[in-house]
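Working notes for the structure below.
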Amino acid sequence: MNHNENRSPTLAMAVSILIIVLIWMIVGIVALKLNVQMVIFIAIIAVSLVCYFGLHNSVDDIIENMASSVGNTVSGLFFFFLIGMAIAIWMISGCLPAVVYYGMKLMNPVIFLPITFVLSSIFSLCTGSAWTTAGTIGIVCFGIGMTLGIPDAMTVGAVVSGAYFGDKMSPVSDSTNLAPISSGTDVFSHIRAMLHVTVPAYVIAFIMYLAVGFRFQVSGGNIQAAIDLEQAILDHFDVNPFVLLPLLLVVALSVMRKPAIPTLLAGIVVAVPIALIFQHQTFTAAINCMASGVSLDIENEIVAKIVNRGGISSMMGTLSIVMIALAFGGLMSGSGIFPVVLDALTEKIKNPRAYPAIVILTSGLLVIATSSNYVPLTLSGKMFGKAYDDVGLDRSMLSRNIEEGATITAVLCPWASSAVYYVGVFGVPVMAYFPYSFLNILTVVMGCLLPLCGLTLVTKEGTERGRKVSNG
């Protein structure tokens, strides 16, 4: 067989492959309960065989497509290690236990969910990272919620909503910058365009969390559990304002727009002497916990569950899924399967009101098929850019729709890297927190429906098509 000249897949072949892959993902993970890594790995083997025998791709080409996708995100993979290290050293240094301790004095069950939502939003806006938010303020809120008797899934749902609000609205977020770059617009036009849907969705989500919070009342059991938790923390940690320094440093550097990896690394380094001075840990214990995680003998089950976590080893399962998923995304893109399908879509649809829903749903499907939001963030802008120009829609509208379909949905797909990361941090299944991720769900629904009604469309000013679109 001659593999010197690659073939492009036909539309029928590309669509068939995509449908089969989606069905396999759903059946394998949801119905058969198979390991996520193996489901994706089997999909890689199957698609690779199609590329080799059907598209005449060489083995080197197939490997290169996968390797380039993984190689382009090395910094993101390294971030996994840092998050595991940060969680561990911030726990053993008393930083996160102290935040839980102080937070318990301010929280009550009724307002817990909306406050968690807002705090996660603010922290994510500052850091530009939903992952950092989960590993820091998210863990703190998770621990407080356990003590207050709030179901874990509800707490994680509120953290997810807040974290991804900030992740897609912060000018220091990678997704907030990738979407406008691939769409041909600037980041601040992109953020202004997102306000049309994000602000009303945020208000509605806040009201929904407040309404859910009224189901939980302050009771004698809650109060006693809070007292027991506070005492258990004091029994094992020296709680004082100085131990908060690592977290405060990360927040300060994030507000100053410093890069995420050096910022988190600084927070880790500062926490080591704090663990030695205030918690009387040995240097060996402080360093080793960042590899293997915290394992302290704590009688209070809730405190033990909060504290005994983290470390590089805790992130290895997550990291393996991400690497395999990225390789699969690179294979699907590099072989031409995704580009062929997207090209066909742009040729058939001419109604400007329909394009936002199409881009959102296409970006979401790309997340499902590739397990990563980076593929739609970088690919959709190039594929739909000309189509948006032709129907008079502004490129900032395109970048907004890509974020609504890619960034927001990534944490709701069980095998996507973002969702895998959140499950690794909190130990709560995606399908459990999905119904409580109010902002994510509202953003997708409103992002699709409002433009269909002629609302929230961002058009090219001064063009004939732009005036027609804006007039509905």
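Observations, loosely collected:
- Paramagnetic reach from LEU245 in the range 272-301 [backbone N under 14 Å; point 7 Å along Cα→Cβ]: 272-280
- The chain: angle of helix 316-334 to the longest principal axis, Cα-based, in degrees nearest 10: 10
- Listed residue (GLY162, PHE237, LEU32) projecting farthest to the positive dipole end of the chain, Cβ model: GLY162
- Distances between placed amide hydrogens fall under 5 Å for THR459 paired with ASP394, all partners being 5 or more residues away or on another chain.
- Principal-axis analysis of the Cα atoms of the chain puts helix 220-236 at an angle of about 80° to the longest axis.
- When the convex hull of its Cα atoms is projected in every direction, mean area for the range 74-315 (nm²): 13.0
- Translational diffusion of the chain, µm² s⁻¹ [Kirkwood Rh, Cα pairs; Stokes-Einstein; 20 °C; 1.002 mPa s]: 92
- Working note: Karplus 6.51/-1.76/1.60 with θ = phi - 60° gives the range 102-108 the couplings 5, x, 4, 7, 9, 9, 9 Hz, where Gly and Pro are set to x.
- Proximal aspartates and glutamates to LYS168, defined as alpha-carbon separation beneath 16 angstrom and excluding residues fewer than eight positions away on the same chain: ASP186, GLU403, GLU404
- From phi via Karplus (6.51, -1.76, 1.60), per-residue ³J(HN,Hα) for the range 142-149 in Hz, x at Gly/Pro: 4, x, 5, x, 4, 5, 7, x
- Mean Cβ count within 10 Å, highest first, over the residues of peptides 13-24, 306-317: 306-317, 13-24
- Within the same chain, aspartates and glutamates fewer than 8 places from LYS258 are excluded, and of the rest, those with a Cα less than 15 Å from its Cα are ASP174.
- Here the range 192-212 and the range 285-321 have alpha carbon centers that stand 34 Å from each other.
- With Cα atoms, 0 to 90° folded angle of helix 355-370 axis to the chain main axis: 70
- Karplus-derived HN-Hα couplings along the range 383-397 (A = 6.51, B = -1.76, C = 1.60, θ = phi - 60°), whole Hz, x at Gly and Pro: 6, 9, x, 5, 4, 5, 4, 5, 9, x, 8, 6, 5, 5, 5
- Listed from fewest to most Cβ neighbours within 10 Å, the set THR282, THR155, THR459 follows the order THR282, THR459, THR155.
Since every read-out is calculated from the coordinates, none of them should be taken as a lab result. Everything quoted here is computed from the prediction, not taken from an experiment. Every residue, glycine as well, gets a Cβ built from its backbone with ideal geometry; the counts of neighbours run over all protein chains shown.
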